[in-house]
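The structure appears right after this line, and notes come after that.
Derivation of every value follows stated rules applied to the coordinates shown; laboratory data play no part. Here the structure is a predicted model, which means the values were calculated and not measured. In this analysis, Cβ positions are derived from the backbone assuming ideal geometry, glycine residues included, and neighbour counts consider all displayed protein chains.
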Amino acid sequence: MMASAKIVKPKSVIHEQFLGCRKFTADTYWHDIIYSCACNKFPRGVKYDTLKNTIYVRFEVSRGKTKGDTFIVPEEDKDIYILFMHIFRDILGLRSDKDISSSKQELEDIRKCSEIDLGVDWKKLKPRSMKNQILMNFAMTQIKENDLDPKTVKHLYNTIQLGFQFKSLSSDDVLYEKGIVTGINGLEFDPETNKFIITNLSKPLARTDKPAARTNKLIQTIDKWTRDHKTYYNIQG
């Protein structure tokens, strides 16, 4: 299961100020991670400076390139919880089984509220936010089927979006049926590296005078499956 990795709970709590934010979630997956942080066992790429009350996060933004962010830890439990969820979900890309189910339900709610016809061809499906949500669900399914680390969901989603952006993928490559992407031609899983790669050759970019589209912010608001930063994550036991 994607979010069922065992987390070994340390015995001694060092940062008691983190424990209070667990009351804002009933998800045991997040309870365990927050407890580990309270015991000074943070996800890989995350460090906490007690003297400066600062969390440092380093994550992969592209192959071989990393980026760092710095966050001052707030005083209120709710604000700490919001910060943790931003770091763990939005930056590290972690998701529990409940998060995944919630994301799928959001897709169904969007469909019902918007009365979107999911039976059309992928090229005709609108709005773009619906397409992005469906692609995110496809990424989540692929990660679960290949028993990969939860954080690789955003890496896969970003790989797919970059494939479209740089014309390695096109709408014709998407295998789509009534709200579900069943496959993408040219997107393959490499068992040696445990990563998904695009095997199609890039097509020449067409010239245009239109301004570049802004980066899609779906991954910041889904559950909020956020901006496409990636990191190699393991809970340190």
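The GluC sites (Glu not before Pro) found in the range 19-82 that occupy coil by DSSP, while having at most 16 further C-beta atoms within 10 Å, are Glu75, Glu76.
Highest average first, the peptides 178-189, 157-168 ordered by how many other beta carbon atoms sit within 10 Å of their residues are 157-168, 178-189.
For the range 45-89, the list of trypsin sites (Lys or Arg not before Pro) that fall in a loop by DSSP and count at most 12 other C-beta atoms within 10 angstrom reads Lys52, Arg63. Summing Cβ point charges (Lys, Arg +1; Asp, Glu -1) relative to the Cα centre of the range 16-91 gives a dipole of roughly 440 debye.
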